[in-house]
Amino acid sequence: MPLPNHSLDAELRARARLVIPGGLWGHLNAARLPEGYPQYFASAEGCRLRDVDGREFIDFMCSWGPVVLGHHHPVVEAAAREQAALGDCMNGPAPVLVELAELLVGLIPHADWCLLAKNGTDATTACVTIARAATGRRKLLVARGSYHGAVPWCSPSVAGVTAEDRAHLISFDYNDAASLDAALAEAGSDLAAVIVTPFRHDFGRDQELATASFARHLREACDAAGAALILDDVRAGFRLHLGGSWEPLGVRPDLAAYSKAIANGHPLAAITGAERFREAATEVYTTGSFWCGAVPMAAAVATLRELRRIDGPARMRAMGERLRDGLDHLARRHGLAVRQTGPAQMPLMTFADDADWRKGDGFCAEALRHGAYFHPRHNMFLSCAHGEADIDRALEAADAGFRAVRRMD
């Protein structure tokens, strides 16, 4: 599925470079993807994307996570339209704010209260600030390589960041109890919180599921220190378990950050917390001009109810396992060694002996030409819109990708 001779996508990129620094920003910049990946899209429906040049793809990035039920889901969009007809950004919230807060507190076992925001970075930053306000301490433990947002205290970039922005961060290695203990000792009596992702999903490396023993050790360490355990569930929340991604491990956080899939593509984030942190949450100043927008809240109510009705995490897991099994079968048939890591709902496939990503890039570029939008380095996302026929069609595209890798040898 090559680009046409005259590419509207290329024209839009050229225009954007004149008025937008770098043409686009951050992880959404397709210039970092293999050749042939589109930057601009015309429409989306279910698990299908269509770019501005008319090419259609089965989508395995789901807008980098926010789309959990499928693009343009009718139930969600109907709820959003109904609220939009009444009002969205007003002088204060609509009643749906209380409805959504009640739904979240009832759905998430650790949550005694919640706050709403717009972006995942809003939510993680609020969690950290609330933990510091509640404990009167400064030190924050973070896993090396983990991503928690795009502001100076946690940005992966060092440009424009000062040493003071990160003066109270202490690093440890994910799933390594000894490393965690060393970081705890360094923090001493000044430990406010430990922030951790539900599993290790660092960019450009194999994913690593949290072990139950590590999660329990972290919970016990925070209890002993009187510090907050913060679960950054921005990326995984509502895909692995509707009650929080560590519910299957039997470990509950004190504070958690959600965004991505909470409203099926509508801009929203949430902070949930235990009773101990309620008073601090009232003292911290958290606000935004658009944080009380009612349309995304109505979309979130519809999204969460629909996920609960259809058991969305189980559906995504089943389709993710079908994809994973199919990729394993195809790789073996082509004599190629691959690694598949992470939960089935958020898979990543990498090639052995591919330090320069040549194989991964070649596989994804060829699969794209055959109609499947995979990613070579970032974890992918399943949605509830992916069905068996979609997975099987994507595997046909993957077969072409594996053939392209074989031709590289």
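The values are calculated or read from the model by the stated rules, or taken from the named source; none is laboratory data. Model, not experiment: these values are computed from the prediction. Counting neighbours? That spans all protein chains shown, and the Cβs are built from the backbone with ideal geometry, glycine included.
Overview of values
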item: Residue pairs meeting the criteria (Cβ under 8 Å; at least 6 apart or on separate chains; first closer than 17 Å to CYS364 by Cα, in region 43-60; second of a type in the set (Lys, Arg) and in a strand (DSSP E or B)); result: GLU56/ARG48; GLU56/ARG50; PHE57/ARG48; PHE57/ARG50; ILE58/ARG48; ASP59/ARG48
item: Candidate set: region 62-78, residues that are within 17 Å of ARG315 (Cα to Cα) and small (Gly, Ala, Ser); chosen: the one nearest to the chain's Cα centre (by Cα); result: GLY65
item: Residue list for region 329-355, filter: over 22 Å from PHE199 (Cα atoms), modelled with pLDDT of 95 or more and either crowded, with 16+ Cβ neighbours inside 10 Å or of a type outside the set (A, V, I, L, M, F, W, C) (or both); result: HIS329, LEU330, ALA331, ARG332, ARG333, HIS334, GLY335, LEU336, ASP354
item: Qualifying residue in region 248-257 (condition: closer than 19 Å to VAL128 by Cβ, buried (at least 22 other Cβ atoms within 10 Å of the Cβ), of a type outside the set (Asp, Glu) and within 15 Å of the chain's Cα centre (by Cα)); result: yes
item: Criterion (surrounded by 14 or more Cβ atoms within 10 Å (Cβ to Cβ) and at pLDDT below 95) met by exactly one of VAL142, VAL194, VAL151, VAL158; result: VAL151
item: Single match in ARG205, ARG166 (criterion: more than 22 Å from the chain's Cα centre (by Cα) and surrounded by fewer than 20 Cβ atoms within 10 Å (Cβ to Cβ)); result: ARG166
item: Residue in region 126-139 that is closer than 22 Å to ARG235 by Cβ, surrounded by fewer than 18 Cβ atoms within 10 Å (Cβ to Cβ) and in the same structural domain as PRO253 (by TED's automatic domain parsing) present; result: no
item: Criterion: among the hydrophobic types (A, V, I, L, M, F, W, C) and touching a Lys or Arg at 6+ places or on another chain (Cβ under 8 Å) - qualifying residue of ALA212, ALA183, ALA192, ALA177; result: ALA192
